[in-house]
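Have a look at the structure below, then the notes.
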Amino acid sequence: MRSAILMIAVAAAGLTTGEVRPFDGAGGFALLLLGLAAIAGIPWRYRYPWPFALGAIVVGLVSAVATYLPLVGVFVIATRRRTTETVLVLVLSVAAAVGNIVVGVPDVEEMLFLLGGAVAFLTTSAVGGLLAGNRRAMVEDLRERLARAEADRAVRDEQARAAERRRIAGEMHDRLGHRLSLLSVHAGALALRTDLSARTVRESAEVLRDTTHRAMEDLRTIVQVLNEPPCPEEDDPPGAEDLTAVEELVAEARAAGADVSLRSTALLMVSPPGRPLAGVAYRVVREGLTNAARHSPGAAVEVVLDGRPGRDLTVTVHSGCTGDRPAPEGAGTGLVGLRERVETLTGGTLAHGPLPDGYRLRAVLPWTKERHA
């Protein structure tokens with residue numbers, strides 16, 4: 001579109017100078033076609049800058065319709081931001097314009113006026129090309145920086161996900177070891193005791209079956225997340241199984257001066273969620289309180305736990321804003337690792353983002369009846 005508009009503008013401006021070199025006879029018609037052909041090369045001006053610029057200067061000497069085409073050539077060369085090339089093509093264009101005007105305009109006053117206008121137009125075109133070249137280089141630099149920043153962020157996010165997977169695998173490894181040790185103890189007891197009643201044997205068998213089932217779940221989780229050797233990391237705090245650790249988190253935040261409220265409609269006392277569900281919920285609340293203290297200090301924060309066994313456990317941390325705008329998301333990787341933990345350990349979903357009245361972090365965790373400590 002730009003090239004088409006530029007072609008029409010150059011041709012229209014050139015046709016207004018027909019009185020200087022009238023298009024009479026076959027020669028005039030041939031020069032008209034030559035000028036139009038040169039103008040038709042405008043769409044390829046940046047692909048072949050030097051052939052276009054030199055051709056524009058030469059054709060502008062002989063074809064009236066291409067009189068203003070050198071302005072485009074000077075502009076194109078100037079966008080390359082090479083001083084020597086820009087000065088050279090500007091001098092050639094000015095020399096061609098001077099020769100053209102001196103030969104075609106006999107009146108001295110009109111000649112001087114046209115010479116001044118030609119020099120001014122060509123110089124303005126060169127300056128405009130330099131400015132456009134600088135702007136283009138600046139835009140390209142910004143695009144490269146943005147691309148590098150996005151690539152760096154992707155690398156950081158991937159590293160955070162990998163680190164979270166290692167932590168999860170380490171925790172599952174310890175838990176699986178505990179399950180297997182329980183299996184060994186109960187199996188050993190059954191093997192050594194021959195005086196046990198049938199009822200005791202059935203109860204021990206049920207314990208073995210239940211422990212084996214949980215060990216298999218832990219093993220499947222390890223297989224899903226283990227892509228690198230696990231590294232040791234802190235386990236869930238005491239009270240994570242029934243989410244009393246969440247109450248302690250809220251109490252600590254209140255003691256530090258934060259305006260935090262806890263509202264729970266989950267049936268925690270009837271059937272505690274157990275691990276790893278409760279541990280993930282605890283980490284969601286901890287991340288939400290941390291982000292609220294960092295991005296909107298002093299704002300009211302509400303923690304909501306909702307759900308029941310056989311349905312979803314929904315954990316929501318809603319923080320208000322201290323100003324007219326909601327808190328920003330930030331550039332940390334804590335949410336990336338948290339999302340990895342939520343999706344891998346529980347198969348749930350994590351959502352976060354600004355709201356008109358603040359910022360919300362919300363996790364939906366499937367709460368099956370089999371998820372117990």
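The values are calculated or read from the model by the stated rules, or taken from the named source; none is laboratory data. Everything numeric here is computed off the predicted structure, so don't read it as measured data. Positions of Cβ are backbone-derived with ideal geometry, glycine not excepted, and every protein chain shown enters the neighbour counts.
Numerical summary
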{"quantity": "Scan of segment 29-66 for residues that are at pLDDT below 85 and either in a loop (DSSP other than H, G, I, E, B) or touching a strand residue (DSSP E or B) at 6+ places or on another chain (Cβ under 8 Å) (or both), ordered by number", "calculated": "Ser63"}
{"quantity": "Per-region count, segment 315-348, residues part of a loop (DSSP other than H, G, I, E, B), at pLDDT 60 or above and small (Gly, Ala, Ser)", "calculated": "3"}
{"quantity": "Positions within segment 56-93 being more than 45 Å from the chain's Cα centre (by Cα) and not hydroxyl-bearing (Ser, Thr, Tyr), in sequence order", "calculated": "Ile57, Val58, Val59, Gly60, Leu61, Val62, Ala64, Val65, Ala66, Val91, Leu92"}
{"quantity": "Test result for Ala120, aliphatic (A, V, I, L, M) and outside the structural domain of Val72 (by TED's automatic domain parsing)", "calculated": "yes"}
{"quantity": "Set Val74, Val102, Val87, Val91: member being assigned to a helix (DSSP H, G or I) and surrounded by 14 or more Cβ atoms within 10 Å (Cβ to Cβ)", "calculated": "Val74"}
{"quantity": "Single residue of segment 9-28 satisfying the filter (part of a helix (DSSP H, G or I) and surrounded by 12 or more Cβ atoms within 10 Å (Cβ to Cβ)) that is modelled with the lowest pLDDT", "calculated": "Gly28"}
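Residue by residue, here is whether (1) hydrophobic (A, V, I, L, M, F, W, C); (2) over 30 Å from Arg341 (Cα atoms) holds:
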position: Arg81; (1), (2): no, yes
position: Ala95; (1), (2): yes, yes
position: Gly99; (1), (2): no, yes
position: Pro106; (1), (2): no, yes
position: Leu112; (1), (2): yes, yes
position: Glu144; (1), (2): no, yes
position: Glu150; (1), (2): no, no
position: Ala154; (1), (2): yes, no
